[in-house]
1. Answer yes or no: is there a residue in the stretch 106-119 that is aromatic (Phe, Trp, Tyr), under 19 Å from ALA168 (Cα atoms) and in contact with a helix residue (DSSP H, G or I) (Cβ under 9 Å, 6 or more places away or on another chain).
2. With the requirement that a residue be without any contact (Cβ under 8 Å) to a residue 60 or more places away in the chain, farther than 30 Å from ALA155 by Cα and of a type in the set (D, E, K, R), what does the stretch 101-145 give you?
3. From the list VAL119, VAL151, which residue is more than 24 Å from ARG108 (Cβ to Cβ) and among the hydrophobic types (A, V, I, L, M, F, W, C)?
4. Going through LEU171, LEU164 one at a time, which residue ends up being buried (at least 16 other Cβ atoms within 10 Å of the Cβ) and either under 17 Å from THR103 (Cα atoms) or not assigned by TED's automatic domain parsing to the domain that holds ALA86 (or both)?
5. Quick check: anything in the stretch 79-90 hydrophobic (A, V, I, L, M, F, W, C), under 11 Å from the mean Cα position of the chain (by Cα) and in the same structural domain as THR181 (by TED's automatic domain parsing)?
6. For the stretch 154-180, what are the residues that are farther than 18 Å from LEU111 by Cα and outside any helix (DSSP H, G or I)?
7. Being without any contact (Cβ under 8 Å) to a residue 12 or more places away in the chain and in a helix (DSSP H, G or I) is the filter here, so list the residues in the stretch 70-98 that pass it.
8. Looking only at the stretch 99-136, filter to residues that are in a helix (DSSP H, G or I) and of a type in the set (Asp, Glu); which one of those is surrounded by the most Cβ atoms within 10 Å (Cβ to Cβ)?
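The values are calculated or read from the model by the stated rules, or taken from the named source; none is laboratory data. From a predicted model like this one, the values you see are computed outputs, not experimental measurements. All Cβ positions, even for glycine, are placed from backbone atoms using ideal geometry, and neighbour counts span all protein chains on display.
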Amino acid sequence: MPRQVDYDSRRRRIVAAAFALVSEQGLEGMTMRDVATRAGVSVGAVQRCFSSKEEMMAAVVEDMNERVSTRARDRIADSADPDSAATMLKHTLAGIMPHDEPTLAETRAWLAFAAHSAVTPAVAVVQRKHYEGLAELIALLLRTAQASGDVRSDADADGEADTLIALADGLSMQILTGRLTTDSALATLDRQLTALRAAQ
């Protein structure tokens, strides 16, 4: 009797292997053959899960997006005031930034994909969707914090959301290059958030 294949499990293994190769070697290391070897499957198995390298890249980016979201939710749940919009705002932004080797690997891979998205529409769509959703969430949290009196009422929520996301992205690059530590980058983020707080 033929052995039944768990395609979801195989797909996750392939995505994990592709992510590891990109974070270690850049996109040059993410060939179908190398991914198959890293995942412990045949090239044919990779091709049955993903019809093209571009489709596989998009799946890796989606997986990274989910990890960032999960990390932000965990940080919020572990905070002293998890129901506060200001707390959610801070930890959502902090969750984007690398703070240990696994998250540094994510940042390396994200930047590799970001550079490649200019010539790979499938990857660009996934990354753009991530940023659009993140901007909507940050703007919503800012408006909620404004309603509770934690953020200045005159702040432009949509504009500030774009600024905060750009800041978190830029700080991630500074951490990656070693110019800033995670603590100093978080302090910079805190200063920007403090500037948005309403006078008490």
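1. Within the stretch 106-119, one or more residues are aromatic (Phe, Trp, Tyr), under 19 Å from ALA168 (Cα atoms) and in contact with a helix residue (DSSP H, G or I) (Cβ under 9 Å, 6 or more places away or on another chain).
2. GLU101, the sole residue that qualifies.
3. Exactly one residue qualifies, and that residue is VAL151.
4. LEU171
5. Checking the stretch 79-90: not a single residue is hydrophobic (A, V, I, L, M, F, W, C), under 11 Å from the mean Cα position of the chain (by Cα) and in the same structural domain as THR181 (by TED's automatic domain parsing).
6. ASP154, ALA155, ASP156
7. THR70, ARG73, ASP74, ALA77, THR87
8. This residue is GLU106.
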